[in-house]
Amino acid sequence: QLSDNSRTGFEALVRWNHPTQGLLSPASFLSVAEDSALITVIGAQVLSHVCSDMQRSPHGSDHVAVNVSAIELAQPQWADATIDTIVESGVDPARLTIELTETAVMSTRRDLSADLLRLRELGIGIHVDDFGTGYSSLNYLNRFPLDKLKIDQSFVRGLHHDPQDEAIVTAVISLARSLQLTTIAEGVETDEQLAFLRQAGCDEVQGYLFSRPVPAEAFGAMLRDSAEVSQAR
């Protein structure tokens, strides 16, 4: 969070521990998982693991964001399954965030308004990921109970190099502010990018400049540290 340089949370990232190739990034296997519908199983397992890790530090203050694919959103039982997993885990729903790409939101043929409203009423955050890279319609920004817009790293990467990317980032921040939404810039890797985003009024940032992906064990330790600091206060 740029206002006070504090940590606000984490994003859950899935990896495949391949028997011969080691850890593979999502780009290596998610498209296959989506084509075979395995993505629904993976998504459910990620949420379950996240809730389990968070439950070990129930008094922590950090939020954890979990990504949801278009195929998951298309399932009529998606919201029920998500709520059941969270409630059964005992985790405070207000510590969880659901991240949806705008492409996923706009490509889903069923109306998501009721599902997202149910999640929002429980305190779960709703973020739009990779904003600016998908459909051009902005109608969903008013229709859905959103909290934050995430500026795609492809635009952040061009800061201080591409005037068009700078203009897009500035415009997204201004749009979000006018809609009373928080902005998060992803993929921040340099001090120059951070300085531009701070000057432009971006609210939060994430990227390798602050932390590379860490295994679940390290994530759990961070949550426990966060819980200890929260209790000390």
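Under 8 Å for C-alpha pairs, at least 6 residues apart: give me the relative contact order for the range 1-135, rounded to a whole percent.
Relative CO of the range 1-135 lands at 22 percent.
Determine the calculated [θ] at 222 nm for the chain from helices alone, applying -39500 (n - 2.57) to every DSSP H run no shorter than 4 residues and normalising by the residue count; nearest 500 deg cm²/dmol.
For the chain, the value works out to -13000 deg cm²/dmol.
Over the range 91-197, what is the relative contact order in percent, taking alpha-carbon pairs closer than 8 angstrom and at least six residues apart?
24 percent
Determine the share of the chain's accessible area contributed by carbon and sulfur atoms, expressed in whole percent, with a 1.4 angstrom probe.
So the carbon and sulfur contribution to the accessible surface is 51 percent.
Looking at the range 138-217, which chymotrypsin sites (Phe, Trp or Tyr not before Pro) are DSSP coil and have at most 12 other C-beta atoms within 10 Å of their C-beta?
Sparse-neighbourhood loop chymotrypsin sites (Phe, Trp or Tyr not before Pro): Tyr208, Phe210.
Suppose all protein chains stay in the model; what accessible area per residue would a 1.4 Å probe give for the chain, in Å²?
Averaged over the residues of the chain, the accessible area is 53 Å².
Got a sec to turn the phi values of the range 98-110 into Karplus ³J(HN,Hα) couplings, 6.51 cos²θ - 1.76 cosθ + 1.60 with θ = phi - 60°, whole Hz, x for Gly and Pro?
Once rounded to whole Hz, the list reads 9, 10, 10, 6, 5, 5, 5, 4, 7, 8, 6, 6, 8.
Please tell me the relative contact order of the chain in percent, rounded to the nearest whole number, where contacts are Cα pairs under 8 Å and at least six residues apart.
18 percent
Given H placed 1.01 Å from N in the peptide plane, which residues other than close sequence neighbours of Ala65 have an amide H under 5 Å from its amide H?
Long-range HN contacts for Ala65: Phe10, Glu11, Ala12, Thr97.
If you bin every alpha carbon distance in the chain into 10 Å steps from zero, what whole percent lands in each bin?
Distribution as computed: 7, 31, 37, 22, 3 percent.
The values are calculated or read from the model by the stated rules, or taken from the named source; none is laboratory data. What you see is a predicted model; the values in this text were computed from it and never measured. Don't worry about glycine lacking a Cβ; one is built from the backbone with ideal geometry, like all the others, and counts go over all protein chains shown. When the accessible area is computed, the model is the full protein with side chains, heavy atoms only, and any ligands, DNA or RNA have been set aside. Shrake-Rupley method; radii C 1.70, N 1.55, O 1.52, S 1.80 Å.
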